[in-house]
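Since the structure comes first, as structure tokens, the remarks are kept for the end.
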Amino acid sequence: MKTKIRWGVLSTAKIGVVKVIPAMQKGKYCEITAIASRGLNEAKKTADSLGIPTAYGSYQELLSDPMVDAVYIPLPNHLHVEWAIKAMEAGKHVLLEKPVGLSSKQAESLIQVSKGKPQLKIMEAFMYRHHPQWQKAKELVENGQIGTLKSIQSFFSYHNTDPTNIRHNPDFGGGGLMDIGCYCISLSRFIFGKEPKRVSGFVEFDPIFKTDRMASGILDFSNGISTFTCSTQLIPYQRVNIFGDMGSIEIEIPFNAPPDKPTRLWINTAEGTKEIVFDICDQYTIQGDLFSKAILDNTAVPTPLNDALNNMLVIEAVFKSSESGKWISI
């Protein structure tokens with residue numbers, strides 16, 4: 001009986017090499033068996049450095065490998081859907097980096113392909129959701145520990161003006177909303193447990209890169225709101241605050257939770273402030289194991305692909321609102 005899923009990785013992208021692959025190699029149900037790049041030398045170099053048995057000089061070669069059960073795709077945003085579909089056509093399960101693609105239309109096309117291949121699992125890789133601090137935050141909200149949920153405020157930023165960075169290429173799906181604002185939108189939908197009914201947004205574009213360098217949004221959930229700001233050209237910072245009518249929750253490092261240090265959240269109520277400390281863990285390891293276990297057990301993945309579509313619809317609404325100066329209904 002198979003106890004581990006054999007993984008291949010399409011691309012030697014930094015997020016995979018530095019964060020995701022080493023984390024998945026520590027997983028109980030994951031085995032990284034192959035990696036592909038556009039050139040064989042780069043693939044071999046990366047494979048050797050990470051102890052991966054097989055290297056390929058093209059993505060299609062890896063997809064043709066019968067010893068690979070599933071693929072992780074950290075390619076640039078504009079290549080996500082194309083290679084996810086090719087992977088599924090090759091009979092591989094797919095863990096796809098966020099955002100799912102460049103548009104809701106692309107997301108819908110991927111969903112249609114997946115419906116025709118129900119034996120295959122596919123999921124957008126929003127790793128933060130699987131971290132114990134987020135599972136606890138959602139549990140606290142659902143159990144009424146802060147009363148009725150009324151508002152969420154999130155902030156996520158970094159500073160990068162390197163003109164060669166792929167995040168500054170609009171044709172490749174660059175910009176802050178697609179890169180980090182998607183987290184702010186995703187967490188809001190996750191904690192409220194539903195979709196916003198309308199969205200208001202403000203987006204500022206870099207005059208040279210033509211990508212969004214700062215964006216703010218208001219998501220109206222009928223019984224509460226979420227506000228956020230994300231930026232690619234501000235001081236690096238991240239924080240999330242969740243407010244109810246009887247208390248609040250603050251998550252210290254909501255997105256890039258360190259894999260080698262404990263993380264914390266604070267719950268504030270009339271009784272005072274309680275700090276909850278979470279044991280050291282790697283959210284990428286957890287994500288890889290949860291997805292692999294779903295394959296092994298033939299159960300549903302933690303986050304269905306339709307969630308990726310709904311997140312993209314909100315991202316598009318923020319852009320449309322900024323262009324029109326009006327609220328956009330979802």
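The values are calculated or read from the model by the stated rules, or taken from the named source; none is laboratory data. It should be emphasised that the depicted structure is a prediction, and the values quoted were computed from it without experimental measurement. A quick note on method: Cβ atoms are made from the backbone with ideal geometry, for glycine too, and the neighbour counts reach across all protein chains shown. Calculation scope for accessible area: heavy atoms of the full protein, side chains included, ligands and nucleic acids excluded. Shrake-Rupley method; radii C 1.70, N 1.55, O 1.52, S 1.80 Å.
Details
- In a residue-by-residue description of segment 193-207, the property of being touching a Cys at 6+ places or on another chain (Cβ under 9 Å), open to solvent by 30 Å² or more (accessible area, probe 1.4 Å), at pLDDT 95 or above and of a type outside the set (D, E) applies to no position.
- Reported count of residues in segment 287-330, each being closer than 14 Å to L96 by Cβ and touching a strand residue (DSSP E or B) at 6+ places or on another chain (Cβ under 9 Å), is 11.
- Selected residue [in a loop (DSSP other than H, G, I, E, B), without any contact (Cβ under 8 Å) to a residue 24 or more places away in the chain and either more than 14 Å from Y183 (Cα to Cα) or in contact with a strand residue (DSSP E or B) (Cβ under 8 Å, 6 or more places away or on another chain) (or both)] from K274, K261, K210: K261
- Residue within segment 48-61 that is under 16 Å from the mean Cα position of the chain (by Cα) and of a type in the set (A, V, I, L, M, F, W, C) present: no
- For segment 4-15, residues that are open to solvent by 70 Å² or more (accessible area, probe 1.4 Å) and in a loop (DSSP other than H, G, I, E, B) total 1.
- Scanning segment 242-295 for residues that are out of contact with any helix residue (DSSP H, G or I) (no Cβ under 9 Å at 6 or more places or on another chain) and open to solvent by less than 40 Å² (accessible area, probe 1.4 Å) gives S248, P258, G272, F291, A294, I295.
- Of all residues making up segment 152-187, the number that are out of contact with any Gly (no Cβ under 6 Å at 6 or more places or on another chain), in contact (Cβ under 8 Å) with a residue 24 or more places away in the chain and open to solvent by 20 Å² or more (accessible area, probe 1.4 Å): 13
- Between K136, K150, the distinction of being closer than 25 Å to Y237 by Cβ and assigned to a helix (DSSP H, G or I) belongs to K136 only.
- Being of a type in the set (S, T, N, Q) and in a strand (DSSP E or B) holds for only one residue in S188, S200, S222, and it is S200.
- Listed by first and then second residue, the pairs linking a residue in segment 57-69 that is at pLDDT 95 or above to a residue that is open to solvent by 20 Å² or more (accessible area, probe 1.4 Å) and among the aromatic types (F, W, Y), with Cβ atoms under 6 Å apart and 6 or more places separating them unless they lie on different chains, are L62/Y56.
- When residues in segment 90-110 are screened for being under 17 Å from the mean Cα position of the chain (by Cα) and farther than 28 Å from A257 by Cβ, 3 of them pass.
- Restricted to segment 117-137, and to residues there that are basic (K, R) and more than 24 Å from T33 (Cβ to Cβ), the residue that is surrounded by the fewest Cβ atoms within 10 Å (Cβ to Cβ) is K136.
- Residues within segment 16-39 that are surrounded by fewer than 23 Cβ atoms within 10 Å (Cβ to Cβ) and either free of Cβ contacts under 8 Å to residues at least 12 places away in the same chain or assigned to a loop (DSSP other than H, G, I, E, B) (or both), tallied: 7
- Highlighted here are the strands (runs of 3 or more DSSP E) found entirely within segment 40-116 that include at least 2 residues which are open to solvent by less than 30 Å² (accessible area, probe 1.4 Å) and of a type outside the set (K, R): 70-73, 93-97.
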